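Visitor: Sending over a structure as structure tokens; questions will come in a sec.
The values are calculated or read from the model by the stated rules, or taken from the named source; none is laboratory data. Here the structure is a predicted model, which means the values were calculated and not measured. Heads up, the Cβs are rebuilt from the backbone with ideal geometry, glycines too, and the neighbour counts pull from every protein chain shown. What goes into the accessible areas is simple: the full protein's heavy atoms, side chains included, and nothing from ligands, DNA or RNA. Shrake-Rupley method; radii C 1.70, N 1.55, O 1.52, S 1.80 Å.
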Amino acid sequence: MDRNSLKLAVRYSGETPPATLRAWCDVHPERVFELHVGGGHNTDRPDGRAYDVLLRPGWRMADDYCHTLIEPTVAGMLRQLRATTPCECEDCKKALAKEDGAW
């Protein structure tokens, strides 16, 4: 299967994401594999809510080789997403070799 012919879609889990965050993810499915909204993190928020994004193979955080973003605010997550950069680490190369756009 040709990777360019795939119709990529973002997977959503947990609580309903804020419209601004969902809109950004929907426009950039080549970068975002999954967005999860929910608790379980020590985010210094009373409810523990965080926004977790698993990037698609071939993308990473701008300042390291991490493929998962966790932020307590929508603004923080959007900043991180806008700063993602292409990745050519061994894990990404292996995942991209599968040609299905997933880990």
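Matching residues to (1) over 17 Å from A9 (Cα atoms); (2) of a type in the set (S, T, N, Q); (3) in contact with a helix residue (DSSP H, G or I) (Cβ under 8 Å, 6 or more places away or on another chain); (4) open to solvent by 60 Å² or more (accessible area, probe 1.4 Å):
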| residue | (1), (2), (3), (4) |
| --- | --- |
| E34 | no, no, no, no |
| D44 | yes, no, no, yes |
| D52 | no, no, no, no |
| R56 | no, no, no, no |
| M61 | yes, no, yes, no |
| C66 | yes, no, no, no |
| L69 | yes, no, yes, no |
| V74 | yes, no, yes, no |
| E99 | no, no, yes, yes |
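Visitor: Also, quick follow-up: Identify the residue in segment 62-103 that is assigned to a loop (DSSP other than H, G, I, E, B), aliphatic (A, V, I, L, M) and at pLDDT below 95 and, among all such residues, is farthest from L21 (Cα to Cα).
Guide: Taking segment 62-103 first, the residues assigned to a loop (DSSP other than H, G, I, E, B) are 62-67, 72-73, 83-84, 87-89, 98-103.
Still in the list and also aliphatic (A, V, I, L, M): 62, 83, 102.
Add one more test, that the residue is at pLDDT below 95, and what stays is 62, 102.
Details: A62: 19, A102: 21 Å.
Among those residues, the one meeting the criterion is A102.
Visitor: Within segment 76-97, restricting attention to residues that are under 19 Å from L8 (Cα atoms) and among the small types (G, A, S), which residue is least open to solvent (accessible area, probe 1.4 Å)?
Guide: Step one: list which residues in segment 76-97 are under 19 Å from L8 (Cα atoms), which gives 81-82, 84-87, 92-97.
Among the residues that remain, those that are also among the small types (G, A, S) are: 95, 97.
Values: A95: 8, A97: 76 Å².
Among residues in segment 76-97 that are under 19 Å from L8 (Cα atoms) and among the small types (G, A, S), the one least open to solvent (accessible area, probe 1.4 Å) is A95.
Visitor: While we're on this one: When you check D26 against the structure, is it among the acidic types (D, E) and open to solvent by less than 40 Å² (accessible area, probe 1.4 Å), yes or no?
Guide: Working: among the acidic types (D, E): yes; open to solvent by less than 40 Å² (accessible area, probe 1.4 Å): no.
Against the criterion (among the acidic types (D, E) and open to solvent by less than 40 Å² (accessible area, probe 1.4 Å)), D26 does not qualify.
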